[in-house]
Amino acid sequence: MNYETANEIEIAVARYFDTRVNMVIPNIFWGLDLQHECDLFVLTKTGWAYEIEIKVCKYDLRNDAKKRHGHNSKLLRKLYFAIPEKLEPEIQNIPEHAGVLVVNPGGKVRKIREATQNKLAVKIPGEKELKLGRLAAMRIWNLKTVINQHNIQREVINASQR
């Protein structure tokens, strides 16, 4: 892996936020009353939520500034942008209040700018924590289904080649 694709960066950032300590869930939109999708949603063990916006190319990074929602929500205490190391020269296109996480080709994450705390943010209420747990479980079971289908297809191909 070169840690340049969205999936590779997602994996590196999930490790960085330590999935044994914090709940890290990809692609959160429904269930939290957010006005936008979070590429990665981190719920800390103390109940604060962070959004991680993953960008893998200059075009995507520059276009993010045109989004109407601005990554604002009272449920989000911090906003980070996670980028591959090759985009580090583009950090001027990342909002000043956002933290910046740079992922090197070996998958190591380096924080080069801390996120400003949203002073209006509130901790995630218990009922929303339960929804997040459900969403995380759904992601796992959906992924297991995809992996299982892939394995079945591979077995069929291998059997036909014998």
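Of all the numbered requirements in (1) more than 25 Å from Y3 (Cα to Cα); (2) surrounded by 19 or more Cβ atoms within 10 Å (Cβ to Cβ); (3) modelled with pLDDT of 95 or more, T116 misses one, and that requirement is (2). Any residue that is touching a residue at least 40 places away in the same chain (Cβ under 8 Å), among the basic types (K, R) and at negative phi - is there at least one of those in segment 115-125? Scanning segment 115-125 turns up at least one residue that is touching a residue at least 40 places away in the same chain (Cβ under 8 Å), among the basic types (K, R) and at negative phi. Test V109 against the criterion of being in contact with an Asp or Glu (Cβ under 7 Å, 6 or more places away or on another chain) and either aromatic (F, W, Y) or at pLDDT 80 or above (or both), and give yes or no. Considered against the rule, which asks whether it is in contact with an Asp or Glu (Cβ under 7 Å, 6 or more places away or on another chain) and either aromatic (F, W, Y) or at pLDDT 80 or above (or both), V109 comes out as no. May I ask you to verify whether E88 is closer than 25 Å to L61 by Cα and exposed (fewer than 15 other Cβ atoms within 10 Å of the Cβ)? Yes; evaluated as a whole, the condition is true for this residue.
The set of residues from segment 119-133 being surrounded by fewer than 16 Cβ atoms within 10 Å (Cβ to Cβ), hydrophobic (A, V, I, L, M, F, W, C) and under 20 Å from F29 (Cβ atoms) comprises V122, L130. So how many residues does segment 120-133 have that are within 16 Å of C38 (Cα to Cα) and part of a helix (DSSP H, G or I)? Count: 5.
The values are calculated or read from the model by the stated rules, or taken from the named source; none is laboratory data. Nothing here was measured: the structure is a model prediction, and the numbers come from that model. Backbone-built Cβ (ideal geometry, glycine too); neighbour counts: all protein chains shown.
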